[in-house]
Amino acid sequence: MTHRKIGYFDVEGTCYVAKPGRWRGKYVISEDGEELQEKLCSTLHENEEVACAEGLTLGIAAARKLMREREGFDPGDE
């Protein structure tokens, strides 16, 4: 599991075994400990690290979109 702070949001990128030998990414966006959004990625990967990286990447993009909608600015990916 990896974690990044994007604006007000905490983004956790992780993955899980979707089928034997196949991994799928996942992300959770939370604010002040309250889960706001959770999404399972659709792509199956043969490698756990790639699946977790996809989850984090998509989670960061979603958190940036939430910041643009809520506050009117994009905090970037850091």
Taking only pairs six or more apart or across chains, which ones have beta-carbon atoms under 6 Å, a first residue in segment 10-27 that is without any contact (Cβ under 8 Å) to a residue 12 or more places away in the chain and of a type outside the set (Ser, Thr, Tyr), and a second residue that is assigned to a loop (DSSP other than H, G, I, E, B) and open to solvent by less than 60 Å² (accessible area, probe 1.4 Å)? none
Being within 12 Å of the chain's Cα centre (by Cα) and of a type in the set (Val, Ile, Thr) is the filter; apply it to segment 48-78 and report the residue that is farthest from residue 36 (Cα to Cα). 57
Which residues, taken from segment 44-71, are open to solvent by 60 Å² or more (accessible area, probe 1.4 Å), in contact with a Lys or Arg (Cβ under 8 Å, 6 or more places away or on another chain) and either over 23 Å from residue 8 (Cβ atoms) or outside any helix (DSSP H, G or I) (or both)? 44, 46
Kindly establish whether residue 38 is part of a helix (DSSP H, G or I), farther than 14 Å from residue 6 by Cα and at pLDDT 95 or above. no
Of (1) in contact with a strand residue (DSSP E or B) (Cβ under 8 Å, 6 or more places away or on another chain); (2) open to solvent by 40 Å² or more (accessible area, probe 1.4 Å); (3) not in a helix (DSSP H, G or I), residue 74 satisfies every one except (1)
Part of a strand (DSSP E or B) and either modelled with pLDDT of 95 or more or touching a Gly at 6+ places or on another chain (Cβ under 8 Å) (or both), is that true of residue 30? yes
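Rundown of residues vs (1) surrounded by 14 or more Cβ atoms within 10 Å (Cβ to Cβ); (2) of a type in the set (Asp, Glu); (3) over 20 Å from residue 64 (Cβ atoms), yes/no style:
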{"residue": "9", "(1), (2), (3)": "yes, no, no"}
{"residue": "20", "(1), (2), (3)": "no, no, yes"}
{"residue": "23", "(1), (2), (3)": "yes, no, yes"}
{"residue": "32", "(1), (2), (3)": "no, yes, no"}
{"residue": "40", "(1), (2), (3)": "no, no, no"}
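The values are calculated or read from the model by the stated rules, or taken from the named source; none is laboratory data. Given the structure is predicted, the values throughout are model-derived calculations rather than measurements. In this analysis, Cβ positions are derived from the backbone assuming ideal geometry, glycine residues included, and neighbour counts consider all displayed protein chains. Surface accessibility is based on the protein's heavy atoms, side chains included, excluding ligands, DNA and RNA. Shrake-Rupley method; radii C 1.70, N 1.55, O 1.52, S 1.80 Å.
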